[in-house]
Amino acid sequence: MATDTGRFPQFIAAVAALRGEREAARVDAWQQRLSWSYNDLAALADARPAGLPIAVPEPAQPGHVPGYRPEERAEASATRIAARVRRGEQRAADVAQQSLDAAHAWRHANLFTALDADDVLSQAERIDREAGRGVDPGPLAGVPFAVKDLMPVAGYALTGGTRGRPARMADRDAPVVERLRRAGAIIFGVTNLHEVAFGVTSANPHFGTVVNPRHPERIPGGSSGGSGGVVAAGIAPLAIGTDTGGSIRIPAACCGVVGFKPSYGVVDTTDVLPLAWSLDHVGPLSATVDDAALAFEVMARLAPGTASHAFDRPPSFVLLRGFVSDVLDADVERCMGEVEAGWHRAGARVTAVAVDALRLATAAQFVTLGSEAAAANADLLSAAPGSLGEDVRTRLEMGQCFLATDYVQAQRIRRDVRDALMQALGDADVLVTPTLPCVPPPAGQSVVSVRGQAMPIAGMMTRLTSPFNMTGLPALSIPCGFDPQGLPISVQIIGRPGDDARVLAAGRWVEARLTRTASAEE
């Protein structure tokens with residue numbers, strides 16, 4: 001395919017004409033945003049991928065983890081609550097009231113689009129009645145679990161974070177929410193998000209900008225900003241997020257909590273409002289890896305203990321370099337170096353590999369996400385474009401300007417990127433990158449510059465997360481340190497498709513050593 005970025009302005013103009021004169025004023029906005037990606041799009045067009053045109057990740061099956069032994073879970077918040085409620089040592093109603101009190105204290109942070117206190121207490125009282133009759137409420141007994149407002153929760157209006165569609169009252173739960181409820185969780189409201197889940201700041205023009213509880217002057221990340229904030233504020237130990245380009249892991253990193261994007265297809269996305277069907281994942285945000293594993297077992301319908309294993313040896317890591325390290329904040333680079341040194345001291349095998357194919361992954365994601373998001377939200381664009389926030393409207397409209405040949409080329413690149421990552425992994429346990437190239441940017445900033453390279457904030461924040469949506473690989477974000485201002489830095493652990501348990505086991509090993517190091521320094 002010949003490189004011709006000049007065709008984009010021409011095609012943009014054609015799309016504007018097709019949509020009618022009312023869209024002509026939008027051309028400059030589309031052109032300005034697209035100009036940031038010309039070099040990436042030109043490289044994508046010139047690539048000669050080996051992959052076939054059908055490269056959507058196949059839904060993975062959870063893999064078996066050889067050489068691991070069951071581990072007694074640490075006294076993490078969600079696991080501790082569930083254990084105490086199941087033993088009758090703590091009332092679910094007391095847990096629920098504590099969470100409601102915390103939510104009230106944070107009521108100005110715009111973490112929820114809706115929270116029904118009466119419903120929360122009613123759920124808790126039902127759990128207490130069951131426990132009082134000797135009935136086991138389930139593995140998440142009495143654990144408050146917030147749900148991103150992108151999927152039906154019975155008794156709540158489903159908005160998707162927008163006013164462009166009429167909110168509809170849900171009369172039943174999405175299957176993944178139903179599993180949590182049946183496991184004894186207290187469904188604790190619906191959380192705020194970037195409009196239609198298409199952004200990284202969670203600055204929502206309809207439900208208010210989500211405030212980062214740890215650092216109010218910084219973005220909370222997105223699109224699952226409310227879910228990350230609820231966990232960071234200590235309101236609920238667990239929350240559901242969705243992840244299309246990093247929307248679980250980015251808020252986790254910005255808010256200093258754990259975020260897990262499972263393998264593609266392992267957690268059911270039925271009834272979840274789509275952003276990009278071939279990139280969308282559902283997973284948990286939590287305070288600890290143990291909590292994430294417990295939630296994942298329920299969400300993925302796994303047998304208890306399936307995802308709660310530990311290494312019986314130090315794991316082996318492959319650090320991704322090249323594209324990953326080219327644009328990296330100095331404090332993030334320093335922190336990652338300290339983490340790597342600690343792994344060496346603990347006896348882990350650590351190697352580094354540059355994967356050149358990642359340079360095309362961001363352009364392929366840009367085209368794939370833009371095209372699929374425009375299709376998923378075509379009703380909004382035709383019926384109520386003026387209701388959308390400017391950033392989301394521009395990105396959705398721009399998604400209509402890609403050619404079918406661009407989309408097919410992007411799908412071919414996906415297979416090449418996945419093959420290159422698997423080759424880099426070799427016989428090691430997991431791949432490793434920072435979750436973000438930088439610390440959370442200031443709120444209200446639309447362009448981020450790292451070491452002299454400026455990018456739109458969405459491009460910078462998804463730079464190291466989106467390749468694993470494109471490839472469907474499981475990816476876990478864990479806090480690993482801070483910059484001199486106390487802003488959080490996180491490490492991302494990535495595994496083979498379906499190897500979710502190994503990724504969580506590696507995360508548990510990393511988390512334990514980071515905790516020991518922090519305790520030793522206090």
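Derivation of every value follows stated rules applied to the coordinates shown; laboratory data play no part. Just so it is clear, the structure is predicted and the values come from calculations on it, not from any experiment. For neighbour counting, all protein chains shown are included, and Cβ atoms are generated from backbone atoms with ideal geometry for every residue, glycine included.
Place a label point 7 angstrom from the Cα of Arg359 along the Cα-to-Cβ direction, then list the residues of segment 393-428 whose backbone nitrogen is under 20 Å away.
Hits in segment 393-428 for Arg359 at 20 Å: 409-425.
Which order do the peptides 375-386, 206-217, 150-161 take when ranked by the mean count of other beta-carbon atoms within 10 Å per residue, highest first?
Descending mean neighbour count gives 150-161, 206-217, 375-386.
Magnitude of the Cβ-charge dipole of segment 198-313, K/R +1 and D/E -1, about the Cα centre, nearest 20 debye?
Dipole of segment 198-313, to the nearest 20 debye: 260 debye.
Could you give each residue of segment 283-299 its phi-based ³J(HN,Hα) in whole Hz, using Karplus coefficients 6.51, -1.76, 1.60 with θ = phi - 60°, and x for Gly or Pro?
Along segment 283-299, the couplings run x, x, 10, 7, 7, 9, 5, 4, 5, 4, 5, 4, 5, 4, 4, 6, 5 Hz.
In whole Hz, what ³J(HN,Hα) sequence does segment 228-235 give by Karplus (6.51, -1.76, 1.60; θ = phi - 60°), x for Gly and Pro?
Couplings: x, x, 4, 6, 5, 7, x, 6 Hz.
Rounded to the nearest 20 Debye, what is the dipole magnitude of segment 344-415 about its Cα centre when Lys and Arg each give +1 and Asp and Glu each give -1 at the C-beta?
So the magnitude is around 600 debye.
Restricting to the chain, compute how many DSSP beta bridges are antiparallel as a %, nearest 5.
70 percent
Of Ser316, Ile240, Ser223, whose Cα points farthest to the positive end of the dipole of segment 208-366 (charges on the beta-carbon: +1 Lys, Arg; -1 Asp, Glu; origin at the Cα centre)?
Ser316
Using 0.36 nm times the number of residues separating Gln98 and Gln423, minus their current alpha carbon distance, what extension gain do you get?
112.2 nm
From the residues Val491, Gln400, Pro456, which one has its Cα farthest along the dipole of segment 399-500 in the positive direction, the dipole being from +1 and -1 charges on Cβ of Lys/Arg and Asp/Glu about the Cα centre?
The one lying farthest along the dipole's positive direction is Gln400.
About its Cα centre, how strong a charge dipole does segment 387-491 have in debye, to the nearest 20, once Lys and Arg get +1 and Asp and Glu get -1 at the Cβ?
Dipole of segment 387-491, to the nearest 20 debye: 140 debye.
Rank the residues Cys254, Cys401 as a footprinting-exposure proxy: fewest other Cβ atoms within 10 Å of their Cβ go first.
In increasing order of surrounding Cβ atoms, one gets Cys401, Cys254.
Can you pull the one-decimal nm distance between simple spin-label points at Leu121 and Ala512, each 7 Å off the Cα toward Cβ?
4.2 nm
Based on the Cβ-Cβ distance of Val447 and Ala384, what FRET efficiency does E = 1/(1 + (r/R0)^6) give at R0 = 30 Å, to the nearest 0.05?
Using R0 = 30 Å, I get an efficiency of 0.60.
List residues of segment 266-301, by number, whose backbone nitrogen lies under 13 Å from a label position 7 Å along Cα→C-beta of Ala83.
Backbone N within reach: 290-291.
Quick one: which residues, 5 or more positions from Val350 or on another chain, have an amide H under 5 Å from its amide H? H modelled 1.01 Å from N in the peptide plane, none for Pro or chain starts.
It is Phe317, by chain and number.
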